[in-house]
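Here is the structure we will look at.
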Amino acid sequence: MTLPLSINNITAHYGTTKVLEDLSLDIGEGELVSLLGASGCGKTTTLRLIAGFLQPTSGTIRLGDKDLTKLPAHARDIGLVFQNYALFPHLSVRDNVAFGLKQRGIAAAERNKRANAFLERVGLDHLADRLPAALSGGQKQRVALARALVIEPPLLMFDEPLSNLDAKLRVDMRVEIRKLQRANGTTSVYVTHDQEEAFSISDRVAIMNEGRIMQLDTPETLYQRPANAFVARFVGFENLIPMTVTARDGETVTASLSDGSTLKFSQDRFGAIDDKFVLATRADGLSVSSDPGAEGIAAKLGLRTYLGRAYQYECETVAGKLIANGALSNPLEPGATAKLVPVADQCTILKPE
Amino acid sequence: MTTRINPALIGFTALVYVFLIGPLVIIFGAAISDTSYLTFPPQGLTLHWFENIWAISAFRRTIITSLQIAFLATTIALIIGIPAAYALNRYRVQLPGWLSTLFVLPILVPEIVMGFSLLRSVNVDSGVPIFFTLLIGHTLLVLPYVIRVISAALSSFDFSIEEAAISLGSRPAKTFFTIVLPNVRSGVIAAFILAFITSINDVSVSLFLTGPGISTLPIQILAHVEQFFDPTIASVSVLLMVLTVIVMIIVERTLGLTAVANTK
């Protein structure tokens, strides 16, 4: 059984501090949505509100047709996986996994059978009689995963589940989490501060800041078409360049920088362009050209670093300091002047802040 | 390579031990001396003075009273102290910092002041029977220790474990008994023993609260010394010592003394 989750206009406070503001989020049946953001952005608060460990000031949370906000935490039937595993230290691995079944009044023989089956699925059936202290971090998190899955919850939630594991294991575990989640088709909420982790396993990602969702989209869209400056910076768009439209000719728009130099943009590619906009790119999206006649942003080159696939330059321009990449075949020295040419398919256009 | 130890240091250490253990040896010697007065070294050997403890009804009664008071006061202090320590730790972030200090404050108040104020407020003014005044006094005496020791055990308890249990369908009250309590078991045992010994050995609070017909063992020892000077006192002392040592051995075996000492 799996159900859609619907968060409607949730506002929450810690004491008098507002930590979530009018937050709404719909997660479809079987979908995995990540809440991504820096600490203090409200992602963990959102998870704790859904789990029932915190109460919202206003708003509702619905799982299927159940109003969760009216239920105490122990009656919400949600599988939770914690950052620090939160295994019961005094119970064996098997009893840890069977704990939720015991609360549901399932007889010992049956719950041991089901616990064993899930331990087998996470590859730990041979450790069933050990205490959690005897397990490694990765094994502990597998037990926690089995414990959350065995109750067959309509909703699974992960609170930074991989933060305490080393880098290699993190990658293995997130793949494993995604496989198990797919196999069960369970609606899931995944809280993390790690962009790569969120993007790699999520159907959609909500990037959060100061208690609000800045953008909720597929990882591909977020990565290539951030909707605002915050998300753009978050996903690594180093260069945010304010531009003003000076001429329109059919689908082609000419826009100028503050020094009057102009660039051309196609509305076929970028959609309707407002009179004031921000050109956003990563370093990849600005190509350093030593040709003085190139149509681009005049720049004085600074420090050059070697990236393997390209050279990267710090550049002084009228739009402030920009980061641009240049070809390996043509290394340029600090102090040289050059043009930074936007690469259309690496750029996106934002509304001004 | 061997490390040379300064012989003076060895001598000094030996002296410290003699200073610490000497009086205990003397009391033990006096307790088995076959004389009708306290003496050391013992002259002759007898266990008569140990039998005498039980023969003197005042000792018999006060030993029983002391054990009753210690057991009941400790139990009540645990019943109050465990939830208090739980709340102080579970809601540490939300609660003001001085609150947990407040619960430990009675340790800093001279016990004699506490005994006196209890005498004035409970015994004299409200006419509560002596046994219950003693019980209240001892409960208040040991409660701060209980809260302190159990707080120390809870401070390393990860409350997300409790949340995990609740998310799996366990009611909060049930979770406390099935998940929280088993994981601070050693703290509860340590608190029980510490409180029990504190109560058994207490003089200052009891001094004010004992009355006609009801006394505790340490108070009876004081009273006995005022009138008699026979080795019974020494044998009672040995008995108390043996009791404490047995308790300490149990603690050492089950928890480790250092663990308990660190919490005080």
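The numbers here are math on the coordinates, done by the rules we state, and not lab data. In this text, all values refer to a predicted model and were calculated from it rather than measured experimentally. Using ideal geometry, Cβ is built from the backbone for each residue, glycine included, and neighbour counts are taken over all protein chains shown.
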(message) Which one, B:167, B:56, A:12, is farthest towards the positive end of the dipole of the protein assembly as shown when Lys and Arg carry +1 and Asp and Glu -1 on their Cβ?
(response) B:56
(request) Place a +1 charge on the Cβ of each Lys and Arg in region A:237-350 and a -1 charge on the Cβ of each Asp and Glu, then give the dipole magnitude about the Cα centre in debye, rounded to the nearest 20. (result) 220
(message) Using 5 Å bins from zero, what percent of all Cα-Cα pairs in region B:57-261 falls into each bin?
(response) 1, 7, 14, 16, 17, 15, 12, 8, 5, 3, 2, 1, 0, 0
(request) For residue A:62, put the label point 7 Å out on the Cα→Cβ axis and report which residues of region A:23-38 keep their amide N under 16 Å from it. (result) A:24-29
(message) Could you compute the longest span of chain B free of chymotrypsin sites (Phe, Trp or Tyr not before Pro) located in DSSP loops and having at most 13 other Cβ atoms within 10 Å, not counting the site residues?
(response) B:92-228
(message) What do you get for the angle between helix B:185-201 and the principal long axis of chain B? Use alpha-carbon atoms, 0 to 90 degrees, nearest ten.
(response) 40
(request) Using only Cα atoms, find the angle between the long axis of helix B:217-227 and the longest principal axis of chain B, and express it within 0 to 90 degrees, rounded to the nearest 10. (result) 20
(request) Could you compute the FRET efficiency for residue B:245 and residue B:93, with r as their C-beta to C-beta distance and R0 at 41 Å, rounded to 0.05? (result) 0.45
(request) Determine the dipole magnitude for region B:1-130: charges of +1 sit on the beta-carbon of Lys and Arg, -1 on that of Asp and Glu, nothing else is charged, the reference point is the Cα centre, and the result goes in debye to the nearest 20. (result) 400
(message) Which residue, B:156, B:102, B:16, has the largest displacement toward the positive end of the dipole of chain B when charges sit on each Cβ (Lys, Arg +1; Asp, Glu -1)?
(response) B:156
(request) For region B:65-92 and region A:168-238, write down the distance between their C-alpha centroids in whole Å. (result) 48
(request) Based on other C-beta atoms within 10 Å, arrange A:41, A:315 from fewest to most. (result) A:41, A:315
(request) Taking the Cα centre of chain B as origin, work out the dipole magnitude from +1 charges on Lys and Arg Cβ and -1 charges on Asp and Glu Cβ, in debye rounded to 20. (result) 620
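Efficiency by 1/(1 + (r/R0)^6): what FRET value for residue B:57 and residue B:113, r their Cβ-Cβ distance, R0 = 30 Å, to the nearest 0.05?
Taking R0 as 30 Å, the efficiency between residue B:57 and residue B:113 is 0.40.
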(message) Can you tell me which of A:276, A:168, A:179 moves the most in a GNM of chain A? Springs connect C-alpha atoms under 10 Å apart.
(response) A:168
(request) Taking chain B as the reference, fit the longest principal axis to its C-alpha atoms, fit the long axis of helix B:232-254 to the helix C-alpha atoms, and give the angle between the two in degrees, 0 to 90, nearest 10. (result) 30
(request) Show that you can apply the helix-only estimate: for the protein assembly as shown, add -39,500 (n - 2.57) for every DSSP H stretch of four or more residues, divide by all residues, and state [θ] at 222 nm to the nearest 500. (result) -14000 deg cm²/dmol
(request) Would you mind telling me the antiparallel percentage of the DSSP bridges in chain A, rounded to 5? (result) 75
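Calculate the translational D of the protein assembly as shown in whole µm² s⁻¹ from Stokes-Einstein, where the hydrodynamic radius comes from the Kirkwood formula applied to all Cα pairs, the temperature is 37 °C and the viscosity 0.692 mPa s.
Details: Rh = 31.0 Å.
Reported coefficient: 106 µm²/s.
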(message) Taking the Cα centroid of region A:15-61 and of region A:297-341, what is the distance between the two, rounded to the nearest whole Å?
(response) 42
(message) Looking only at the protein assembly as shown, where both bridge partners belong to it, what percent of the DSSP beta bridges are antiparallel (to the nearest 5)?
(response) 75
(message) If you take each beta carbon of peptide A:81-90 and count the beta carbons of other chains within 10 angstrom, what is the mean?
(response) 5
(request) Order by neighbour count: A:218, A:187, fewest other Cβ atoms within 10 Å first, most last. (result) A:218, A:187
(request) Go through A:263, A:69, A:343 and say which Cα lies farthest out towards the positive end of the charge dipole of chain A; charges sit on Cβ, +1 for Lys and Arg, -1 for Asp and Glu. (result) A:69
(request) Quick one: order B:193, A:7, B:80 by neighbouring beta-carbon count within 10 Å, fewest to most. (result) B:80, B:193, A:7
